[in-house]
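Novice: Let me give you the structure first, and then I'll get to my questions.
Quick note: the coordinates plus some simple rules give every number you see, no bench work behind them. All values reported here derive from a predicted model rather than from experimental measurement. For neighbour counting, all protein chains shown are included, and Cβ atoms are generated from backbone atoms with ideal geometry for every residue, glycine included.
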Amino acid sequence: MSQLSQKHLLGIKDITRKDIELIFETASNFKEVIYRPIKKVPSLRDITIANVFFENSTRTRLSFELAEKRLSADVVNFSSSTSSVKKGETLLDTVNNILAMKVDMVVMRHSSPGAPHFLSRNIGANIINAGDGTHEHPTQALLDTFSIQEKCGHLEGLKVAIIGDILHSRVAISNILALKKLGAEVMVCGPITLLPKNIALLGVQVELDVQKALNWCDVANILRIQLERQQIKYFPSLREYSLYYGINKKLLENLNKEITIMHPGPINRGVELNSDVADSEHSIILDQVENGVAVRMAVLYLLAGIN
Ligand code: CP
């Protein structure tokens, strides 16, 4: 049987193109399962998975939980805001106590970059990074690239623009790494203050003018302004950001072609993306969410086979 090259999914940086293709192939099979009247398979019947979330989440947490249940795993959910972390318990003590209850895999979201990497050096269970601060969000990039391939039929040579708050975005980093591994061309676009200084070293084009970025691309992935990670002001106001970088119907009408619009969610409607685009026929935002379950089923299934 084909298997992944890694025991954990810590980031796209650590996996190969072959790993990604195996995940896509497995996800396509699981997507068929999701459309059946009985949406469950017994693949992880003997596995217990803990979803350990130290940061807020709607899509990722529910998508992992559904993926685990569709694979017949036993599932426990941990949220730091209602836990003994509030009494001073450390990350390692918390996870070791969860593992003492005979948990096999840990899905973790944490606000500190590198937290899942730290865990992987200290515990035996398989770890899946569900987002670590501004570092990586590997399953988001996998579901995004899977969705692009499904919509456009290929990734090799495709032009993808990532537009918005690149500086604070783990989604941007993981998407750039995944898209480059799969042969796509990538451009990042945003105000200069929201672009990391050395981002071009990742092999991406850099553009400050949003209309030029839209003219160039086949697919535009629009990112949220992450005010919760911004300690200083990077632009004068949200109104001004929206005026210069917000994606609206008029910008798309100025193009002489159709492009595909994506957003990882949550959307700040009227800031980085207007409803006339988010809810239009150009948008595959809800397809991304749908594909997230199949892609996460694939990741869980493939990692569960590696000790
Ligand atoms: N895309 C994403 O990670 O969304 P959540 O923060 O709701 O999980």
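Novice: Each residue of region 2-9 in order: what ³J(HN,Hα) in whole Hz does its phi give by Karplus 6.51 cos²θ - 1.76 cosθ + 1.60, θ = phi - 60°, with x for Gly and Pro?
Specialist: 5, 9, 6, 7, 10, 7, 10, 10
Novice: Treating the beta-carbon of each Lys and Arg as +1 and of each Asp and Glu as -1, no other charges, what is the dipole magnitude of region 50-203 about its Cα centre, to the nearest 20 debye?
Specialist: In total the dipole reaches around 100 debye.
Novice: Using modelled backbone amide H atoms (1.01 Å from N, in-plane), which distant-in-sequence or interchain residues come within less than 5 Å of SER112's amide H?
Specialist: Placed amide hydrogens put GLY133 under 5 Å from SER112.
Novice: How big is the Cα convex hull of region 50-89 in projection, averaged over all directions, in nm²?
Specialist: Value for region 50-89: 2.9 nm².
Novice: Further question on the same structure: P(r) for region 14-74: what percent of alpha-carbon pairs falls in each 5 Å bin, starting at zero?
Specialist: Going from the shortest bin to the longest, the percentages are 4, 15, 19, 21, 23, 14, 3, 0.
Novice: Between ASN97 and LEU208, take the C-beta separation as r, use R0 = 35 Å, and let me know the FRET efficiency to the nearest 0.05.
Specialist: Efficiency computed from Cβ-Cβ geometry: 0.10.
Novice: Lysines near LYS233 by alpha-carbon distance under 24 Å, same-chain residues fewer than 8 away left out - which ones?
Specialist: LYS197
Novice: Let me ask you something else. Normalised by the number of residues in the chain, what is the relative contact order in percent for Cα pairs under 8 Å and 6+ residues apart?
Specialist: Taking the mean separation of contacting Cα pairs over the length of the chain, I get 21 percent.
Novice: Pick out, from LEU62, ALA200, ILE284, the residue whose Cα sits farthest towards the positive end of the charge dipole of the chain, with +1 on the Cβ of Lys and Arg and -1 on the Cβ of Asp and Glu.
Specialist: After comparing all options, I get LEU62.
Novice: Next question. GluC sites (Glu not before Pro) within region 89-180: which are DSSP loop residues with at most 12 other Cβ atoms inside 10 Å?
Specialist: Passing sites in region 89-180 are GLU156.
Novice: How many percent of DSSP beta bridges within the chain run antiparallel, rounded to 5?
Specialist: Of the beta bridges lying entirely in the chain, close to 5 percent run antiparallel.
Novice: Based only on other Cβ atoms within 10 Å, what is the fewest-to-most ordering of SER283, SER169?
Specialist: SER283, SER169
Novice: OK, next. Which Rg and Dmax, in Å, describe the Cα atoms of region 1-127?
Specialist: 15.4, 46
Novice: If region 138-285 were replaced by its equivalent ellipsoid, with semi-axes equal to the square roots of 5 times the Cα gyration tensor eigenvalues, what would those be, largest first, whole Å?
Specialist: 21, 18, 14
Novice: Sum up the lysine pairs in region 1-70 that clear both bars: alpha-carbon distance under 24 Å and a spacing of 8 or more or different chains.
Specialist: 9
Novice: Counting other Cβ atoms within 10 Å of each Cβ, which trypsin sites (Lys or Arg not before Pro) in region 52-131 have at most 12 and sit in a DSSP loop?
Specialist: Here the trypsin sites (Lys or Arg not before Pro) that fit, given the DSSP loop and packing criteria, are LYS102, ARG121.
Novice: Please compute one quarter of the surface area of the Cα convex hull for the chain and express it in square nanometres.
Specialist: 16.0
Novice: Once you charge only the Cβ atoms, +1 for Lys and Arg and -1 for Asp and Glu, what is the size of the charge dipole of the chain about its Cα centre, to the nearest 20 debye?
Specialist: It works out to roughly 480 debye.
Novice: Quick one: which residues, 5 or more positions from THR260 or on another chain, have an amide H under 5 Å from its amide H? H modelled 1.01 Å from N in the peptide plane, none for Pro or chain starts.
Specialist: Amide H neighbours of THR260, under 5 Å, 5+ apart: VAL219, ALA220.
Novice: Counting other Cβ atoms within 10 Å, keep those with at most 12, restrict to DSSP loop, and tell me which trypsin sites (Lys or Arg not before Pro) in region 206-307 are left.
Specialist: LYS233, LYS257
Novice: Moving on. Please list, in chain and number order, the residues 5+ apart from VAL107 or on another chain whose amide H is under 5 Å from its amide H, with Hs placed from the backbone.
Specialist: Close amide H contacts, sequence-distant or interchain: ALA50, ASN51, VAL52, ILE128.
Novice: If R₀ is 30 angstrom, what is the calculated FRET efficiency for the pair SER84 and LYS40, using the beta carbon separation as r and rounding to 0.05?
Specialist: Computed FRET efficiency for SER84 and LYS40 comes out at 0.35.
Novice: Also: For a quick check: sort CYS152, CYS189 by the number of other beta carbons within 10 angstrom, fewest at the front.
Specialist: Final ranking by Cβ density, sparse to dense: CYS152, CYS189.
Novice: Something else about it: Give the order of TYR35, TYR244, TYR301, TYR234 when sorted by the count of other beta carbons within 10 angstrom, beginning with the fewest.
Specialist: Fewest to most other Cβ atoms nearby, the residues stand as TYR35, TYR244, TYR234, TYR301.
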